[in-house]
Amino acid sequence: MPECAICHREVDIIDRVFRREECPHCGADLHTCIQCKFYAPGHHNDCREPQAEFVSDKERANFCDYFVFGPNSDLHLVEDAKAKLEKLFKI
C-alpha cells in the first residue's frame, strides 16, 4: 500500500487521487509532485514524465495530468543508499 511522503503512513487509495485530497493522518496534499511516482529530483522539471509541465511548488496540490500516487522508487533507492553509507561509516 502506498504511503504519504510527508508522514510516511499508509494511505488507502481506492481508485485515483483528486487534486483536493489530503492525507488522513497529517493533512498534507496528496496530488503533489513529491507524492507522485514520477517525481525525480535532478531530472528535467524534477519529473521522469517528459511531457509534464513545470510545477514550481512540489509540495502543493497541482493539476498535473500525469500524476500517479505511489512510492517513488528513485527516492527510496537514494534514501536506502544514504542510510547504508551512514551505517557503514558510523563510528
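Observations, loosely collected:
- Flag for LEU75 being at pLDDT below 95, under 15 Å from PRO2 (Cβ atoms) and surrounded by 14 or more Cβ atoms within 10 Å (Cβ to Cβ): yes
- Scanning region 1-30 for residues that are open to solvent by less than 70 Å² (accessible area, probe 1.4 Å) and in a loop (DSSP other than H, G, I, E, B) yields a count of 13.
- In region 35-54, the condition of being at pLDDT below 90, of a type in the set (S, T, N, Q) and either open to solvent by 100 Å² or more (accessible area, probe 1.4 Å) or not in a helix (DSSP H, G or I) (or both) is met by no residue.
The values are calculated or read from the model by the stated rules, or taken from the named source; none is laboratory data. In this text the structure is predicted, and so the values were computed from the model without any measurement. A quick note on method: Cβ atoms are made from the backbone with ideal geometry, for glycine too, and the neighbour counts reach across all protein chains shown. Ligands, DNA and RNA are stripped out before the accessible areas are found, and what is left, the full protein with its side chains, is counted by its heavy atoms. Shrake-Rupley method; radii C 1.70, N 1.55, O 1.52, S 1.80 Å.
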